[in-house]
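Structure first, then comments.
The values are calculated or read from the model by the stated rules, or taken from the named source; none is laboratory data. Because the structure is predicted, anything quoted here is derived from the model rather than measured. Backbone-built Cβ (ideal geometry, glycine too); neighbour counts: all protein chains shown. SASA here: full protein model, heavy atoms, side chains in, ligands and nucleic acids out. Shrake-Rupley method; radii C 1.70, N 1.55, O 1.52, S 1.80 Å.
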Amino acid sequence: MSDRPKTATRGTAKTDKTRRVTVGRRFTKVRAIEHPVDGYGLMVEPDRAMYATREEMRARSIRILEAAGIPVSELLERSPYGSLVRDYVWNSLDHPSDSELGLAARIVELCNHLDGYEELGYPASQIISTALHLGRLDALAKVYRITDETTAPALRKGGEARRKYTDEDRERWAARWHELRAVNGRMSFSAAAARIVADFGYGRGAERTIREHLATLQK
């Protein structure tokens, strides 16, 4: 018997073909398959492809971290289970545990720990507990992403349009740029600008201005 969540409505409606529909509200919205089931009418089954696997959670989180200039590969070489990645983001860079980067680092750590628990034969109770924790963190990260993609850009755009940057702002950007380059000498201007925006609480509208200023520092 399938353990996939299903919702059904009794009735006599029949369709000849299945069709894809969208179900759920803002933060739970997923694609689903609607098809007729004898005795029930129409059955809606959320598409399993819409649920992130462990590998997908890990890969997405690593992309987020690397886009911010964090040397994930180097840190994982030194600490394969991901604890050094989390420590570096939370403690060395002082990102809150529930920030975008803080969550990404913790998700990488939990994914790698789960790999280790399974390989070493840890008790099922610990594996299940860790997996549930991972799922909650990934759901929280999704909520933040959706919020950032919808509400926040409009608010930031208006604020940045009215903002005038000073020489003091540019000095702060330059100082942070040199700090970031000391950690990762291959960091691009774009990645550094995105990181500075996050560190100083600017809106994304500031990225271009910061990126262009950082480029002048190399001339």
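Matching residues to (1) open to solvent by 60 Å² or more (accessible area, probe 1.4 Å); (2) of a type outside the set (S, T, Y); (3) part of a helix (DSSP H, G or I); (4) modelled with pLDDT of 85 or more:
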| position | (1), (2), (3), (4) |
| --- | --- |
| T151 | yes, no, yes, no |
| K164 | yes, yes, no, no |
| E168 | yes, yes, yes, yes |
| W173 | no, yes, yes, yes |
| L180 | no, yes, yes, yes |
| G185 | no, yes, no, no |
| A191 | no, yes, yes, yes |
| R195 | no, yes, yes, yes |
| K219 | yes, yes, no, no |
Looking only at the range 73-104, and only at residues there that are open to solvent by less than 10 Å² (accessible area, probe 1.4 Å), of a type in the set (A, V, I, L, M) and closer than 18 Å to I196 by Cα, the one that is farthest from the chain's Cα centre (by Cα): V89
Within the range 56-69, count every residue that is buried (at least 19 other Cβ atoms within 10 Å of the Cβ), of a type outside the set (K, R) and within 14 Å of the chain's Cα centre (by Cα). 6
Looking at (1) over 18 Å from D167 (Cα atoms); (2) surrounded by 15 or more Cβ atoms within 10 Å (Cβ to Cβ); (3) not aliphatic (A, V, I, L, M), which is the only condition T209 fails? (1)
Matching residues in the range 95-135 - criterion: being farther than 14 Å from R54 by Cα and out of contact with any helix residue (DSSP H, G or I) (no Cβ under 9 Å at 6 or more places or on another chain): E119, L120, G121, A124, S125, S129
Please identify the pairs in which a residue from the range 172-184 that is basic (K, R) has its Cβ atom under 8 Å from the Cβ atom of a residue that is open to solvent by 20 Å² or more (accessible area, probe 1.4 Å) and assigned to a helix (DSSP H, G or I), counting only partners at least 6 apart or on another chain. R172/F200; R176/D199; R176/F200
